[in-house]
Ligand SMILES: Cc1cc2nc3c(=O)[nH]c(=O)nc-3n(C[C@H](O)[C@H](O)[C@H](O)COP(=O)(O)OP(=O)(O)OC[C@H]3O[C@@H](n4cnc5c(N)ncnc54)[C@H](O)[C@@H]3O)c2cc1C
């Protein structure tokens, strides 16, 4: 690792932090340290970093805004990389190009300002485009992949343009494959007036304000809805509203939101999630699947 750090210091142009607590980069505010935390300046800088990590045998993990992540208390042995500097958005005659570090909100606003419709629902979903594509994030009847036409993926240092048809995606998932990184995406949007788009965005934000008044740190919906069921109802029917383990609690406001009511550890969230799965299985016969991605050193 020492030799690696010297190599990175010499040739990497972006920001580098060592032993960086990942609780600073996740909306749940839990997670131990990453050995290396890197913010590449651009795609070439990312490529160079990946080469150095590969030569050293050091594992790496890409994160976006950390709004859908539960990082274990052991942190991450290796390099955590965030692409927030990849933040270009362009309108190519109605074909919208955006890099993966662009925030969902910025993308929705850019689309509106260019009279491009179909991305309004993204305005209230926290996080980056990379995370939204990886999760096929959605709300109010829309999903990220609805208007995607292609996604650029970095695969072993080679940038490949993948047409939407070739990608395996579904409800809150994209089957990306190991060691692949989303660099950008193109969206084919519909033309519409700015006022009509603004009205739909405002409606999305209003509905969110009404249904998700959760003030404490959270990661949005913790579990996926089983087919034809609302998971918040299943958790409620299992009598778990307000239930807590350490500092982790089932929100009193929205039972599919697990909140950090202060001082929670990742272990608290993992234990609470296991309890919820057990109780819902007993009560409803359904095995819940986490929507939140659980990553990091599993010795803790
Ligand atoms: C208050 C709140 C409300 C929310 N509401 C919604 C909602 O309405 N709908 C919804 O779908 N989600 C919702 N979420 C969850 C979250 O906002 C989304 O899942 C979002 O898309 C996560 O983006 P992110 O950039 O934070 O990704 P992260 O959480 O950082 O990462 C998510 C996954 O994507 C991977 N990833 C990120 N970027 C890349 C990349 N460039 N290449 C490869 N892999 C990558 C990570 O490794 C990880 O596996 C909500 C969360 C909160 C806190």
The Kirkwood hydrodynamic radius of region 89-210, taken as the inverse of the mean 1/r over all distinct Cα pairs, in Å, comes to 14.4
Note: residue 215 to residue 293 extended length (0.36 nm per residue) minus current alpha-carbon separation gives 25.9 nm
Rounded to the nearest whole number, the per residue volume of the convex hull around the C-alpha atoms of region 213-295 in Å³ is 83
Here the tail fraction of P(r) beyond 29 Å, over all Cα-Cα pairs of the chain, rounds in percent to 39
Highest GNM mean-square fluctuation among 177, 57, 220, for the chain with Cα springs under 10 Å, belongs to 177
Summing -39500 (n - 2.57) over every DSSP H run of at least 4 in the chain, dividing by its residue total and rounding to the nearest 500, the 222 nm mean residue ellipticity is -9000 deg cm²/dmol
Of region 209-252, those with amide N under 20 Å from the point 7 Å along the Cα→Cβ vector of residue 203 are 209-212
One finds, for residue 281 and residue 156 with R0 = 41 angstrom and r their Cβ-Cβ distance, a FRET efficiency to the nearest 0.05 of 0.55
The FRET efficiency for residue 194 and residue 11, from their Cβ-Cβ distance with R0 = 51 Å and rounded to 0.05, is 0.70
Stretched fully, the stretch from residue 267 through residue 163 gains (0.36 nm per residue minus C-alpha distance, one decimal, in nm) 33.5 nm
Assertion target for 134, 156, ordered by fewest C-beta neighbours within 10 angstrom first, is 156, 134
Here the percent of antiparallel bridges among DSSP beta bridges lying wholly in the chain, to the nearest 5, is 80
In whole angstrom, largest first, the equivalent ellipsoid semi-axes that the Cα gyration tensor gives for region 172-231 are 26, 24, 13
If 282, 289, 120 are placed from fewest to most neighbouring beta carbons inside 10 Å, the sequence is 282, 289, 120
Over the Cα atoms of region 2-82 the radius of gyration and the largest Cα-Cα distance (Dmax), both in Å, equal 12.2, 34
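Each reported figure results from applying straightforward, stated rules to the coordinates on display, with no laboratory input. Quick caveat, the model's predicted, so the values are computed rather than measured. When we count neighbours, we look across all protein chains shown, and the Cβ atoms used for this are built from the backbone with ideal geometry, even at glycine.
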